[in-house]
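One structure below.
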Amino acid sequence: MNSVKTTDSVNDVAPVKNSSKAKIKILVAEDSAVDRMILECMLKKDGYNVILAEDGVEAVEKFEQENPDLVFLDVLMPNLNGMEAAKKIRALSGDLFTPIVFLTSLVDTESLVTCLESGGDDFLSKPYNAIIIEAKIKAFYRMREMNQTMVRQRDQIELNNKHLMQEQEVAKQVFDKITHAGTLDLPIIKYYMSALAVFNGDVLLADLSPTGSLLMLLGDFTGHGLPAAIGSMPLASIFHGMARKGFSIGDIIREINGKLYHTLPVGLFCCATAVDLSFHKKRALIWSGGLPEGGIYRAASQRFDVLKSGNLPLGVLSNREFNHTPIRYEMNEGDELFLWSDGIIEARKPEGEMFGEERLNALLHAKSPVADVFGNILKQVQEHIGDSDGDDDVSMVSLAMPNENVAQKILLSAPKSRGSLADWAMTLRLNTSSLKTFDPLPLLLNVISEVPHLRQSSSVLYTVLSELFNNAVEHGVLNLSSQLKSSPEGFVEYYRLRKEGLAELVEGWVTIDFEHQLEEGADGGVLTIRFTDSGSGFVKENDIERTAEGNLHPNYYGRGLQLIESICEKLTINVPGNKVEAIFRWSTDD
Amino acid sequence: MAINSSVSGDGKTLMIEVDGRFDASSLDEFRSCYEGGQSALAGYEVNLRKAEYLDSSALGMLLVLRDYAGGDKAEITISNCSPEVKKIFAISSFEKLFSIQ
């Protein structure tokens, strides 16, 4: 409105310039014509814009019409006295600070105090002193400007905050859907996540696998707010996608770890516990990294077994260094698994005292058994927190082993394994030009990693495929002799010849057959790998000299087939050796 | 796939780090790491922390390095082996020829 000058500080004593003085509007309310004229003259001479009123009622009217920056009110006026007028003016000006200065000929302390108590900001005693008036106007004008800036900023903050809340509301709906999706509504799952938890990066996922297991993951990202919650997006999509295709909990954990490791900034990671509960095998496979140890409440003994932990959280190590092997626990009917985030231990009273591990342990290892352990812990934690509205992000879940009837019903809604590669066969034939330039191993590994349970063997299967392929190319198509490799020089020469041979190859091919089948009960499967090549067979000249135990004079060749035999169940070399078949058998870990 | 090498702080050990696949396709790169005439070397360390896969040609390459480094007198450490890789070394009795960690 009328403020253009910004004030740096209260101590700013720079004189108000005449040009800007004209913009300062002052209302003078005074019933005595003489006094009014004296003040009007003094103010106009200083260059202010002056508005006049003859009594309290007119003062209020003029205030409404003119919206002055400063008000001088005579205390004693007809119709409405100064103090009453001040109250009305205060009410009218609302948030905006309008300085009100009383004009008075009274000098006794009590009257002056009453002036200020009734809503005035200061008083001016008659007769007027021009220098004091000027100084007071300057000081009050500065205060008014500061107040205007403050009100403007406050409104801006309120607006920003409103926007932020709307954005968070939308984001929260999205995150709630992502982090609560799947099959959390099953009767064997109890869970609690406080309102703030999801937005602070806690995530709880459950899904049924076509293998007849229930998979569950409780995660807690480091940090708070949106940055912490953002990682739950890729985590949830990998979890659900792989769970419903029948990948094992280890494979899923490994995939999530790799994704988080590559996408999250250093310092942001996810503490998590992941569970595979198999109803018919009566066991749980549990991988835990970074969350407080949960435990299993045993129905038979009414005791609480604490879970082992010991892995680093997800997203800290590269997959190469990451251990994704879960630990196996027996789970009998009625046994109940409990997991929680550290929010439950760190839950604070209004005074700041934490719930703490001791209280939790006391509940878990209580002598007299409690019917509803989950409800009991939650109740105690909530009572502990009380009305404290602090950083309360409590997440807790329990998973009970159902009886056969309930398990049957639950598994009705499990996905059939149609969505994943199970029974299949494929043939890849590399003809001359492809053989010269194309490396089929990455392609074959990609196919293998799409097959649940084969993926975790991709490292050893790489070795098998690499051996078989190199055998087919080197000894079959190129007819190279391994004996060349019996000296270091020969070893290097051998690979030079291989390169040269491929470059000059006129005709040759390698056919790779894969055949994969699940075994009865889907607890395992068999992959048959067959390599056939255009060569005349290597069996005769590749008469393997095995490195005998304790032999310190190493051969530079002859290890390949030995490696395959150690990895595969069966290796068959069909004489004359241009057709090799390896059978790799896998079964779920337990 | 990439192979990097550097000399350790005390100047005695050549550190070779393999990233990705370790097989015959990296033979030239692997050899050029050590065939540079660093005569004062007392030993070698092949770090497999980042090696994803390996096959028998990689075993051959390690033996060629061992021969270059003095055969039975060679001091070669293969470090940061994953359980799968350790198994492959065990099948070939490599722990008698190398220090495997």
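Annotations
- Residue check, A:LEU80 touching a residue at least 24 places away in the same chain (Cβ under 8 Å), closer than 19 Å to A:ILE51 by Cα and not aromatic (Phe, Trp, Tyr): yes
- Criterion violated by A:MET426 - all others in (1) open to solvent by 10 Å² or more (accessible area, probe 1.4 Å); (2) at pLDDT below 85; (3) under 23 Å from A:CYS568 (Cα atoms) satisfied: (2)
- Cβ-Cβ under 8 Å pairs, at least 6 apart or on other chains, the range A:262-273 side at negative phi and surrounded by 13 or more Cβ atoms within 10 Å (Cβ to Cβ), far side in a loop (DSSP other than H, G, I, E, B) and of a type in the set (Asp, Glu): A:CYS271/A:ASP342
- Flag if A:VAL506 is part of a loop (DSSP other than H, G, I, E, B), surrounded by fewer than 19 Cβ atoms within 10 Å (Cβ to Cβ), among the β-branched types (Val, Ile, Thr) and in contact (Cβ under 8 Å) with a residue 12 or more places away in the chain: yes
- Within the option set A:LEU454, A:LEU484, A:LEU518, A:LEU480, being away from chain B (no Cβ under 14 Å), open to solvent by 10 Å² or more (accessible area, probe 1.4 Å) and touching a residue at least 12 places away in the same chain (Cβ under 8 Å) holds for one residue only, A:LEU518.
- Of all residues in the range A:393-413, those that are assigned by TED's automatic domain parsing to the domain that holds A:ASP276 and acidic (Asp, Glu) have Cβ atoms under 7 Å from Cβ atoms of residues that are in a helix (DSSP H, G or I) and open to solvent by 10 Å² or more (accessible area, probe 1.4 Å), 6 or more apart or on another chain, in A:ASP393/A:LEU196.
- Of the strands (runs of 3 or more DSSP E) that lie entirely inside the range B:1-99, those containing 2 or more residues that are more than 25 Å from A:ARG496 (Cβ to Cβ) and within 7 Å of chain A (Cβ to nearest Cβ) span B:43-54.
- Residue list for the range A:215-225, restricted to those being outside any loop (DSSP other than H, G, I, E, B) and in contact with a helix residue (DSSP H, G or I) (Cβ under 7 Å, 6 or more places away or on another chain): A:LEU215, A:LEU217, A:GLY219, A:PHE221, A:GLY225
- Given (1) surrounded by fewer than 18 Cβ atoms within 10 Å (Cβ to Cβ); (2) modelled with pLDDT of 85 or more, number of the condition B:GLY9 does not satisfy: (2)
- The residue of the range A:292-302 that is nearest to the chain's Cα centre (by Cα), among those that are touching a residue at least 12 places away in the same chain (Cβ under 8 Å) and open to solvent by 10 Å² or more (accessible area, probe 1.4 Å), is A:PRO292.
- Search result, residues across the range A:243-261 that are crowded, with 24+ Cβ neighbours inside 10 Å and either at pLDDT below 90 or part of a strand (DSSP E or B) (or both): A:ALA243, A:GLY246, A:PHE247, A:SER248
The values are calculated or read from the model by the stated rules, or taken from the named source; none is laboratory data. Not measured: the values here are computed from a predicted model. Cβ sites come from the backbone with ideal geometry, for glycine too, and all protein chains shown count toward neighbours. Quick note on the areas: whole protein, heavy atoms, side chains included, nothing else; ligands and nucleic acids left out. Shrake-Rupley method; radii C 1.70, N 1.55, O 1.52, S 1.80 Å.
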